[in-house]
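Here the structure is laid out as structure tokens; the discussion comes afterwards.
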Amino acid sequence: MGNAAFLAGVNLGGWLSQYRVASDEHLSTFITERDIATIASWGLDHVRLPVDYPIVEDDAAPGQYREQGLAYIDRCIEWCERHGLGVVLDLHHAPGYSFGRLETNNLFESEQQLGRFVGIWKMFAQRYRSVGEHLRMELLNEVVEPTSERWNGLAHRTIAAIRAIDQQRTIVYGGNYYSSIDELANIDLVEKDDRIIYTFHFYKPLLFTHQLAPWDAFARAYRQSSEYPGRLPNLAAFIAEHPEYEQKNQELPTDTMDADLLLRYFQPALDFMQRTGKPLYCGEFGVVEGASLPSRIRWHRDVIDLLNAHGIGRAVWSYKAMSFPLVDAQGQVVSEELIRVVGDRARVMGGQGR
């Protein structure tokens with residue numbers, strides 16, 4: 001099984017996930033069928049649909065699923081089918097787990113929460129069992145755990161529960177530490193199941209892709225803009241002043257950020273594919289809007305060239321607003337050139353190497 005139908009996509013962040021308020025007004029207007037038609041017109045072939053669990057389940061009534069919220073997912077799947085797009089249904093925030101609130105997570109300490117997690121996926125598997133191969137299911141966004149054992153165990157438990165209902169559905173399974181490319185080696189592969197796609201996210205080097213981002217403590221402390229290709233200014237002095245970031249510095253370049261550097265960062269993915277023979281999917285990548293637009297475009301082009309050359313499907317973060325926009329909050333395209341780069345499938349579709 002290949003991943004040819006999911007080569008070039010975009011995340012629908014900020015709609016059913018990471019919203020300010022999940023009001024009917026927001027849910028009915030942030031993404032509409034017109035947006036799906038626009039995405040298809042760009043030559044993209046799928047969307048990744050992040051969903052936070054309160055859309056479908058209330059903490060006061062575990063196991064009772066909200067039809068009003070599920071209708072938005074139903075609608076998105078229908079729109080995408082109508083416009084020839086695939087959908088990766090991504091559980092972005094689960095009962096007891098959010099990548100943005102690590103200090104309050106209790107998913108792995110509570111059998112009740114674990115049961116709710118598996119239950120949501122059983123519900124999705126049953127509800128969408130008749131949907132064709134244009135729907136894939138991604139277990140959980142950006143797990144962060146001290147080690148990978150508990151997450152691998154839950155992933156295998158959930159996959160078994162889905163398989164009891166739907167043997168054909170493609171399932172997307174990522175590794176630890178925010179789906180880091182470096183954690184692919186610690187995923188416990190599901191043997192004898194060729195409908196698993198393994199996934200990673202790519203935002204390297206972080207001090208470039210997240211420059212001046214107010215929510216990231218490392219980038220906030222660094223307080224420097226940078227250009228791509230180019231160097232991270234005053235990096236050695238910053239690390240000397242902030243020894244607490246020395247470990248993070250191990251992956252930061254002291255030389256020029258360029259395509260050769262990105263290829264070095266990609267090596268764990270290439271090693272994974274060579275070692276396992278399994279396909280990969282890059283579920284998120286991007287550069288914050290605070291970076292200069294020419295640098296954003298050049299970084300995206302180099303990353304996409306790498307992904308295409310190695311047959312790795314991807315979904316850029318993100319379609320609308322969310323600090324990494326292709327269109328702004330009013331739906332206006334940020335850069336036609338960036339759209340063209342994001343939609344480029346020529347190399348991989350032509351079978352050309354880098």
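What the table below lists for this structure:
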quantity	calculated
Residue within segment 23-41 that is without any contact (Cβ under 8 Å) to a residue 24 or more places away in the chain and not in a helix (DSSP H, G or I) present	yes
Which listed residue is over 22 Å from the mean Cα position of the chain (by Cα), under 30 Å from GLU78 (Cα atoms), at pLDDT 95 or above and not aromatic (Phe, Trp, Tyr), from ARG136, ARG127	ARG127
Close pairs (6 angstrom Cβ cut-off, 6 or more residues apart or separate chains): in contact (Cβ under 8 Å) with a residue 40 or more places away in the chain and closer than 17 Å to MET123 by Cα in segment 165-192, open to solvent by 70 Å² or more (accessible area, probe 1.4 Å) and basic (Lys, Arg) anywhere	ASP166/ARG129
Selection count where residues are in contact with a strand residue (DSSP E or B) (Cβ under 7 Å, 6 or more places away or on another chain) and either surrounded by fewer than 11 Cβ atoms within 10 Å (Cβ to Cβ) or not in a loop (DSSP other than H, G, I, E, B) (or both), scope segment 9-22	3
Residue count for segment 274-287, restricted to those that are out of contact with any strand residue (DSSP E or B) (no Cβ under 6 Å at 6 or more places or on another chain) and either crowded, with 19+ Cβ neighbours inside 10 Å or in a helix (DSSP H, G or I) (or both)	4
Considering residues of segment 241-257 that are exposed (fewer than 15 other Cβ atoms within 10 Å of the Cβ) and in a loop (DSSP other than H, G, I, E, B) only, the residue farthest from the chain's Cα centre (by Cα)	HIS242
Of all residues making up segment 109-126, the number that are surrounded by fewer than 20 Cβ atoms within 10 Å (Cβ to Cβ) and in contact with a Leu (Cβ under 7 Å, 6 or more places away or on another chain)	1
Criterion: in contact (Cβ under 8 Å) with a residue 12 or more places away in the chain, surrounded by fewer than 19 Cβ atoms within 10 Å (Cβ to Cβ) and over 30 Å from HIS156 (Cα atoms) - qualifying residue of LEU261, LEU270	LEU261
Positions within segment 205-259 being of a type in the set (Gly, Ala, Ser) and at negative phi, in sequence order	ALA213, ALA217, ALA219, ALA221, SER225, SER226, ALA236, ALA237, ALA240, ALA259
Yes/no for ARG34 being among the basic types (Lys, Arg), under 21 Å from the mean Cα position of the chain (by Cα) and over 27 Å from ASP305 (Cα atoms)	no
Pick from segment 316-353, criterion open to solvent by 60 Å² or more (accessible area, probe 1.4 Å) and closer than 14 Å to LEU7 by Cα, ranking: modelled with the highest pLDDT	ALA346
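Yes or no, residue by residue, for (1) surrounded by 15 or more Cβ atoms within 10 Å (Cβ to Cβ); (2) touching a helix residue (DSSP H, G or I) at 6+ places or on another chain (Cβ under 9 Å); (3) modelled with pLDDT of 95 or more; (4) of a type in the set (A, V, I, L, M, F, W, C):
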position: VAL143; (1), (2), (3), (4): yes, yes, yes, yes
position: ASN152; (1), (2), (3), (4): yes, yes, yes, no
position: GLY175; (1), (2), (3), (4): yes, yes, yes, no
position: LYS204; (1), (2), (3), (4): yes, yes, yes, no
position: PHE218; (1), (2), (3), (4): yes, yes, no, yes
position: ILE239; (1), (2), (3), (4): yes, yes, no, yes
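Table: residues versus (1) out of contact with any helix residue (DSSP H, G or I) (no Cβ under 8 Å at 6 or more places or on another chain); (2) farther than 24 Å from GLY13 by Cβ.
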| position | (1), (2) |
| --- | --- |
| THR209 | no, no |
| ALA221 | no, yes |
| HIS242 | no, yes |
| TYR245 | no, yes |
| SER292 | yes, no |
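Every residue, every condition in (1) assigned to a loop (DSSP other than H, G, I, E, B); (2) within 23 Å of ILE36 (Cα to Cα); (3) charged (D, E, K, R), yes or no:
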| residue | (1), (2), (3) |
| --- | --- |
| GLU289 | yes, yes, yes |
| ARG296 | no, no, yes |
| GLU337 | no, yes, yes |
| ARG340 | no, yes, yes |
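The values are calculated or read from the model by the stated rules, or taken from the named source; none is laboratory data. Only a predicted model underlies this, so the values are computations on that prediction, with no experimental measurement involved. No Cβ is skipped: glycine too gets one built from the backbone with ideal geometry, and neighbour counts run over all protein chains shown. Just so you know, the surface numbers come from the protein's heavy atoms only, side chains and all, with ligands and any DNA or RNA stripped out. Shrake-Rupley method; radii C 1.70, N 1.55, O 1.52, S 1.80 Å.
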